[in-house]
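Undergrad: Okay, handing you the structure first.
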Amino acid sequence: MEFRLPVGEWIDGFFDWLEATFSWFFEGMREIFIAMFDAVDWIFATPPALVVVVLVAVGALLARGWRFAVGSAVGLLFIIGVDQWDNAVDSLALVLVAAFLAVLISVPLGIWAARNDTVSKILKPVMDFLQTLPAFVYLIPALALLRVGVAPAVIATLIFAMAPGVRLTELGIRGVDKEVVEAGQAFGAHPRRILRQIQIPLAMPSIMAGINQIIMLSLSMVVIAGLVGAGGLGGDVMQAISALNGRLGWEAGLSVVVLAVLLDRFTASFGKGMGLYSTWRKASIAKKEAAEQARFDAEDSTEATVGA
Amino acid sequence: MNDDTIALRAEGLYKVFGRHSDDAVLKLHRGTPRDQLGAGTTAAVIDASFEVRRGEIFVVMGLSGSGKSTLIRMLNGLHPATAGTVTIGGDSITDTSPKKLRELRRQRVSMVFQHFALLPHRTVIDNVAYGLEIQGMPRDERIARARKVTEIVGLKGWEEKHPSELSGGMQQRVGLARALAADTDVLLMDEAFSALDPLIRRGMQDQLLELQSELGKTIIFITHDLNEAMYIGDRIAVMRDGRIVQIGTPEDILTNPANDYVEQFVQDVDRTKVLTAESVMRPPRAVVHLGAGPRAALTTMRDEQLAGAYVVNKDRTIVGWVRDRDVFDLVRKGEKDLSSVIQDDHGAVPADTALADLFIPSLEAALPLGVLDHRGRLVGVIPRVTLLAALGGEPEAAVQAAPRPDPMPTDEVDQVLEAAVGAGAGDTKEAI
């Protein structure tokens with residue numbers, strides 16, 4: 001009856017040791033996270049809110065089309081209307097920093113796993129573990145190592161959101177037509193070149209889906225990050241819960257939804273050939289190709305004349 | 001060590017997938033059947049040895065699962081061999097560093113794939129130039145060269161299209177152009193035409209043969225289609241269950257199958273397109289020399305019981321043919337020269353004519369169809385029964401069913417020959 005595994009104690013002890021031994025490392029990490037957060041936050045918070053709304057709407061038009069542009073403007077105006085703009089900007093900065101770092105780590109890990117079966121076998125359970133462990137549990141050691149504020153929120157978000165990035169990158173690269181990869185090999189291309197010229201371009205839709213998932217998971221973590229004093233929309237939601245303030249809760253909550261929809265649609269449109277930007281790009285490529293073809297044809301006809 | 005005429009040599013190649021592959025090779029070497037190697041171990045290629053001569057089309061033919069795709073991938077090292085060696089023009093593929101192997105692939109051997117394997121995000125011209133790009137050729141130069149090759153395969157005007165805008169046949173021409181542009185001696189083609197419609201496939205086969213006659217590449221072609229193998233192959237290796245069961249020319253394989261498996265396989269082949277006049281012809285029976293004169297000619301025809309005979313010069317080049325009753329008349333008149341009755345519409349065909357193209361000439365010829373070598377010499381004849389027997393797969397049957405000539409009555413001829421002045425022509429029919 002008295003048998004009990006003190007697993008929690010061990011892990012906690014491990015983190016204590018980590019903190020004691022590598023405090024300089026975590027201190028540096030904290031500084032970097034805070035600096036990154038501040039930089040991104042500054043970009044969105046410095047211009048007047050309405051200017052940002054217009055810029056975002058223009059971006060939406062380029063990425064997806066006019067309907068999305070109108071929708072995003074309306075959504076952002078709603079956030080301003082419920083006086084959650086500053087919180088939303090904080091949350092956005094947090095999501096962008098965490099997602100950026102998560103992409104930076106997970107895409108190369110996914111590529112590595114795709115090229116090496118052993119790595120894949122090791123990473124699979126690790127990713128399962130990271131994704132299923134209740135997100136709150138990360139917060140405790142993160143808090144211990146990085147102290148209250150943005151830094152523990154970034155690390156917890158990043159770990160939580162990484163898994164789909166790794167998985168979808170690996171899946172995408174493994175799913176590239178085997179014959180096309182063989183073609184690269186058969187013509188004597190270096191594996192790195194095959195990766196760059198064949199595997200990554202062809203796996204791009206899957207990698208993009210992974211990045212989209214990373215951003216969505218980061219956002220879902222933002223509310224929880226309010227617990228560790230990261231502020232933003234999550235901070236207000238936490239405050240609303242503790243004060244049983246339904247009004248504030250709804251306003252902050254709906255702002256999270258607006259942000260989520262915006263980020264999802266933006267990232268989902270990457271590489272799908274939607275919006276004004278890709279229309280322009282397609283037109284310019286088509287024009288270039290047509291010009292090239294015309295040049296070929298013209299050269300051929302002069303050759304033919306000379307030949308005759 | 002290496003003969004100059006050999007482009008690629010494979011010796012004792014084994015490919016075993018799964019665990020204990022080296023063990024498995026030893027077992028196979030000692031004669032263990034491949035289905036008794038144990039679970040998790042699959043022998044895809046067993047003891048394959050062959051030589052491919054420079055400039056020939058060497059076809060590896062087998063059903064799916066026979067190991068042919070694995071075999072071709074061992075020739076450029078996409079699948080490392082478990083045992084055995086591959087050398088291309090004196091350089092080993094099987095025993096070399098990854099760097100050297102990439103260099104060999106760039107310079108010596110290129111490949112065409114079953115499902116084209118084009119880069120979908122690149123234009124036709126950039127796909128064709130891909131091999132050159134990897135060889136490190138500057139852009140302008142490689143585009144210029146790629147354009148030439150694109151034109152050769154008939155895709156002029158499509159340079160700036162993307163593969164998805166092209167039909168299957170055109171896509172495979174891009175694949176072929178990409179391999180040709182790399183300008184390697186050896187070309188590996190893995191079921192290159194199998195994914196195409198039959199009509200387009202036939203067109204591609206013709207185009208390949210045409211290109212081959214111009215460029216003189218060494219081509220190793222994989223197919224499961226025996227008709228395709230017979231049509232394009234100079235030599236064919238037939239594979240079954242990982243082993244090469246026979247290597248030979250299409251005619252060898254058709255006429256002397258090494259075992260029941262090959263024999264069963266070749267039953268469905270359209271023989272008329274593979275077999276040539278040379279392979280079914282008989283020695284000419286009644287041949288008359290131009291200078292021999294009417295009496296000798298008539299004697300020969302009587303002895304052979306024939307109603308007509310070919311007339312040849314001293315060096316056996318053909319002059320024409322004579323009918324027995326014309327010669328009979330000459331002999332009666334006491335003429336000494338045969339040339340007045342020689343007919344020159346002999347209709348003889350070159351020795352490499354396919355059986356399919358013999359039927360009409362055979363119908364039109366009055367005598368068994370003559371066969372000429374490249375210098376115009378009469379080297380054989382094909383009686384119609386022989387043609388029919390060859391079609392049935394039993395050329396020997398023609399011997400039993402020897403042609404029944406319908407010559408003039410012998411006694412009548414004898415009379416004329418003896419008297420040298422005849423008693424009048426008998427009731428002769430035109431014989432065949």
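Undergrad: Please go through segment B:20-49 and give me each residue that is at pLDDT 85 or above and either on the phi > 0 side of the Ramachandran plot or among the basic types (Lys, Arg) (or both), ordered by number.
TA: B:47
Undergrad: Could I ask something else about it? State yes or no: is residue A:39 closer than 27 Å to residue A:209 by Cβ, out of contact with any His (no Cβ under 9 Å at 6 or more places or on another chain) and assigned to a helix (DSSP H, G or I)?
TA: Criteria not met by residue A:39.
Undergrad: What do you reckon, is residue B:241 within 17 Å of residue B:74 (Cα to Cα), of a type in the set (Asp, Glu) and either surrounded by fewer than 17 Cβ atoms within 10 Å (Cβ to Cβ) or in contact with a Phe, Trp or Tyr (Cβ under 6 Å, 6 or more places away or on another chain) (or both)?
TA: Criteria not met by residue B:241.
Undergrad: Output the number of the condition that residue B:170 fails; it satisfies all remaining conditions of (1) free of Cβ contacts under 8 Å to residues at least 40 places away in the same chain; (2) within 12 Å of chain A (Cβ to nearest Cβ); (3) under 19 Å from residue B:131 (Cβ atoms).
TA: Checking residue B:170 against (1) free of Cβ contacts under 8 Å to residues at least 40 places away in the same chain; (2) within 12 Å of chain A (Cβ to nearest Cβ); (3) under 19 Å from residue B:131 (Cβ atoms), the one that fails is (2).
Table: residues versus (1) of a type in the set (D, E, K, R); (2) within 18 Å of residue A:259 (Cα to Cα).
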| site | (1), (2) |
| --- | --- |
| A:4 | yes, no |
| A:10 | no, no |
| A:57 | no, yes |
| A:72 | no, yes |
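Undergrad: I'd like the full set of residues that are of a type in the set (A, V, I, L, M, F, W, C) and either without any contact (Cβ under 8 Å) to a residue 24 or more places away in the chain or closer than 13 Å to residue B:56 by Cα (or both), limited to segment B:191-228.
TA: B:199, B:208, B:209, B:211, B:215, B:219, B:220, B:221
Undergrad: Select, from B:42, B:85, the only residue that is outside any loop (DSSP other than H, G, I, E, B), away from chain A (no Cβ under 14 Å), more than 29 Å from the chain's Cα centre (by Cα) and surrounded by fewer than 22 Cβ atoms within 10 Å (Cβ to Cβ).
TA: So the residue among B:42, B:85 that is outside any loop (DSSP other than H, G, I, E, B), away from chain A (no Cβ under 14 Å), more than 29 Å from the chain's Cα centre (by Cα) and surrounded by fewer than 22 Cβ atoms within 10 Å (Cβ to Cβ) is B:42.
Undergrad: Separate question: Just to confirm my filter: which helices (runs of 4 or more DSSP H) fall fully inside segment B:254-321 and include at least 1 residues that are crowded, with 17+ Cβ neighbours inside 10 Å, free of Cβ contacts under 8 Å to residues at least 40 places away in the same chain and more than 17 Å from the chain's Cα centre (by Cα)?
TA: B:294-304
Undergrad: Failed condition for residue A:250, given (1) modelled with pLDDT under 90; (2) within 28 Å of residue A:72 (Cα to Cα); (3) not polar (S, T, N, Q), with all others met?
TA: Every condition holds for residue A:250 apart from (1).
Undergrad: Could you give every pair whose Cβ atoms fall below 9 Å, whose first residue belongs to segment A:140-151 and is without any contact (Cβ under 8 Å) to a residue 12 or more places away in the chain, and whose second residue is outside any loop (DSSP other than H, G, I, E, B) and not aromatic (Phe, Trp, Tyr), counting only separations of at least 6 or pairs across chains?
TA: Every condition considered, the pairs that remain are A:140/A:12.
Undergrad: Any chance you could count how many residues in segment A:105-154 are touching a Leu at 6+ places or on another chain (Cβ under 7 Å) and within 18 Å of residue A:232 (Cα to Cα)?
TA: 5
Undergrad: Sticking with this structure for a sec: State the number of residues belonging to segment B:322-338 that are of a type outside the set (Asp, Glu), in a loop (DSSP other than H, G, I, E, B) and either touching a strand residue (DSSP E or B) at 6+ places or on another chain (Cβ under 6 Å) or surrounded by fewer than 21 Cβ atoms within 10 Å (Cβ to Cβ) (or both).
TA: Of the residues in that region, 2 qualify.
Undergrad: While we're looking at this one, here's another question. Which one of these is under 19 Å from residue B:256 (Cα atoms), touching a residue at least 60 places away in the same chain (Cβ under 8 Å) and either polar (S, T, N, Q) or touching a Ser or Thr at 6+ places or on another chain (Cβ under 8 Å) (or both): B:378, B:387?
TA: One residue alone meets the criteria, B:387.
Undergrad: Let me ask something additional. Which members of segment A:1-23 meet the condition of being within 28 Å of the chain's Cα centre (by Cα) and loosely packed, with under 11 Cβ neighbours inside 10 Å?
TA: Residues satisfying the conditions do not exist here.
Undergrad: Restricting the first residue to segment A:274-299 and requiring it to be more than 10 Å from chain B (Cβ to nearest Cβ) and surrounded by fewer than 12 Cβ atoms within 10 Å (Cβ to Cβ), which pairs with a second residue that is at pLDDT 80 or above and in a helix (DSSP H, G or I) meet a Cβ separation below 9 Å and a spacing of at least six or different chains?
TA: Going by the 9 Å Cβ cut-off, the qualifying pairs are A:280/A:62.
Undergrad: Output the residues belonging to segment A:144-190 that are away from chain B (no Cβ under 14 Å), touching a Ser or Thr at 6+ places or on another chain (Cβ under 9 Å) and not in a helix (DSSP H, G or I).
TA: Correct list: empty.
Undergrad: May I ask you to list pairs of residues, at least six apart or on different chains, whose Cβ atoms are under 8 Å apart, with the first in segment A:113-134 being over 26 Å from residue A:225 (Cα atoms) and of a type outside the set (Gly, Ala, Ser) and the second being surrounded by fewer than 15 Cβ atoms within 10 Å (Cβ to Cβ) and at pLDDT below 95?
TA: If the second residue must be surrounded by fewer than 15 Cβ atoms within 10 Å (Cβ to Cβ) and at pLDDT below 95, the pairs left are A:115/A:191.
Undergrad: Then there's this: Quick one: which residue in B:48, B:10 is in contact with a Ser or Thr (Cβ under 8 Å, 6 or more places away or on another chain), in contact (Cβ under 8 Å) with a residue 40 or more places away in the chain and under 19 Å from residue B:236 (Cα atoms)?
TA: Going through B:48, B:10 in turn, the sole match is B:10.
Undergrad: Return the residues of segment B:122-132 that are more than 9 Å from every other protein chain (Cβ to nearest Cβ) and without any contact (Cβ under 8 Å) to a residue 40 or more places away in the chain; say none if nothing qualifies.
TA: B:126
Undergrad: Let me confirm something: among B:104, B:119, which residue is facing chain A (nearest Cβ under 10 Å), in a helix (DSSP H, G or I) and surrounded by 19 or more Cβ atoms within 10 Å (Cβ to Cβ)?
TA: Within the list B:104, B:119, the selection yields B:104.
The values are calculated or read from the model by the stated rules, or taken from the named source; none is laboratory data. Keep in mind that what you see is a predicted model, and the values were worked out from it rather than measured. Note: ideal-geometry Cβ built from the backbone for every residue, glycine included; neighbour counts use all protein chains shown.
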